[in-house]
Amino acid sequence: MKNKIMFFENIGLVDWIIISDKMNDFTETRDSFTFDEIWFAEHYPIFTTGLLNKDYSIKFNNNFINNIPVVTSNRGGQITYHGPGQQILYFLIDLKRRKINIRQFIDMMHVLIIDTLNYFSINSIIKKKSPGVYVNDKKICSLGLRVKKGCTLHGLSLNVDMNLDPFNYIYPCGDRYIKMTQIKDFSSLLTLKDIRVVLIKKLSQLLNVKIVKKSYFY
């Protein structure tokens, strides 16, 4: 039963620290009877660094970059930027119970974004040495996960309709050659709601679950 239903919550615009605290608490207290969840969110402007971050990923080594805070996260990967208009998916999924390994789950995340973009006639690809999804050789989606007790935390961020300028203050994912793009550059009429509807449908198919809306996040 727990593998057939998954809850999702559209949280909206929220401080990153609120999500981080609740996500870690959820993982610490969950057990074999806990339903898996996916949280959709946007964040106020913030840079987050992962466990693999190197100092050279940040052009200005400070706790703030152009008045935007820099915080340390327990996810994998290096530095990235979050801001309004970016759709973030937090995956709180028991991989062990679903008999999915981390490599398979990362592949699912890639397929999710590629299929969603393709639905809107945006062709995208992945690169073997650089996780994420790319359109016209620019990055449109970044991945960053952690697995604890066989369960995932964190997830992915898809650039939809946001201010991309802060990405110029860092080397996204530690790569000085990465340039960022977003859905708005290819289809100006699409909204985050449009994207969410397709993401949920694709997730249901990929994970073979019924995705049920949850409405008691706070």
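The values are calculated or read from the model by the stated rules, or taken from the named source; none is laboratory data. Keep in mind the model is a prediction, meaning the values are calculated, not measured. Here the Cβ is made from the backbone with ideal geometry for all residues, glycine too, and neighbour counts use every protein chain on show.
From the list I126, I79, which one is aliphatic (A, V, I, L, M), surrounded by 14 or more Cβ atoms within 10 Å (Cβ to Cβ) and over 20 Å from D21 (Cα atoms)?
None of the other options fit; the residue is I126.
Sort out which residues of segment 20-38 are outside any loop (DSSP other than H, G, I, E, B), surrounded by fewer than 18 Cβ atoms within 10 Å (Cβ to Cβ) and not basic (K, R), and write them in order of number.
Of everything in segment 20-38, those that are outside any loop (DSSP other than H, G, I, E, B), surrounded by fewer than 18 Cβ atoms within 10 Å (Cβ to Cβ) and not basic (K, R) turn out to be D21, N24, D25, F26, E28, T29.
Can you confirm whether segment 68-81 contains a residue that is at pLDDT 95 or above and not acidic (D, E)?
As a first pass, look at segment 68-81 and keep what is at pLDDT 95 or above: 81.
Pick out the ones that are also not acidic (D, E) and you get 81.
Within segment 68-81 (the criterion being at pLDDT 95 or above and not acidic (D, E)), the answer is yes, since at least one residue qualifies.
Looking at S130, S121, S157 in this structure, which one is in contact with an Asp or Glu (Cβ under 7 Å, 6 or more places away or on another chain) and among the polar types (S, T, N, Q)?
Just a single option satisfies the conditions, and that option is S130.
Which is of a type in the set (D, E) and in a helix (DSSP H, G or I), of D161, D115?
Every option except D115 fails the conditions.
Return the residue satisfying two criteria in turn: it lies in segment 129-169 and is free of Cβ contacts under 8 Å to residues at least 24 places away in the same chain and exposed (fewer than 14 other Cβ atoms within 10 Å of the Cβ), and of such residues it is nearest to Q182 (Cα to Cα).
D165
Right, E42: of a type in the set (D, E), assigned to a helix (DSSP H, G or I) and at pLDDT 95 or above or not?
no
What number of residues within segment 96-122 are within 18 Å of R196 (Cα to Cα) and either touching a residue at least 60 places away in the same chain (Cβ under 8 Å) or surrounded by fewer than 16 Cβ atoms within 10 Å (Cβ to Cβ) (or both)? Write out each step before concluding.
Taking segment 96-122 first, the residues within 18 Å of R196 (Cα to Cα) are 108-122.
Restricting the remaining residues to those that are either touching a residue at least 60 places away in the same chain (Cβ under 8 Å) or surrounded by fewer than 16 Cβ atoms within 10 Å (Cβ to Cβ) (or both) gives 108, 111-112, 115-122.
Matching residues across segment 96-122 total 11.
For segment 109-131, name all the residues that are at pLDDT 95 or above and either polar (S, T, N, Q) or touching a His at 6+ places or on another chain (Cβ under 9 Å) (or both).
The first filter runs over segment 109-131 and keeps only residues at pLDDT 95 or above, leaving 109-126.
Matches in segment 109-131: T116, N118, S121, N123, S124, I126.
Does F105 count as assigned to a helix (DSSP H, G or I), in contact with a Ser or Thr (Cβ under 7 Å, 6 or more places away or on another chain), under 26 Å from P172 (Cβ atoms) and not acidic (D, E)?
Taking the combined requirement at face value, the residue satisfies it.
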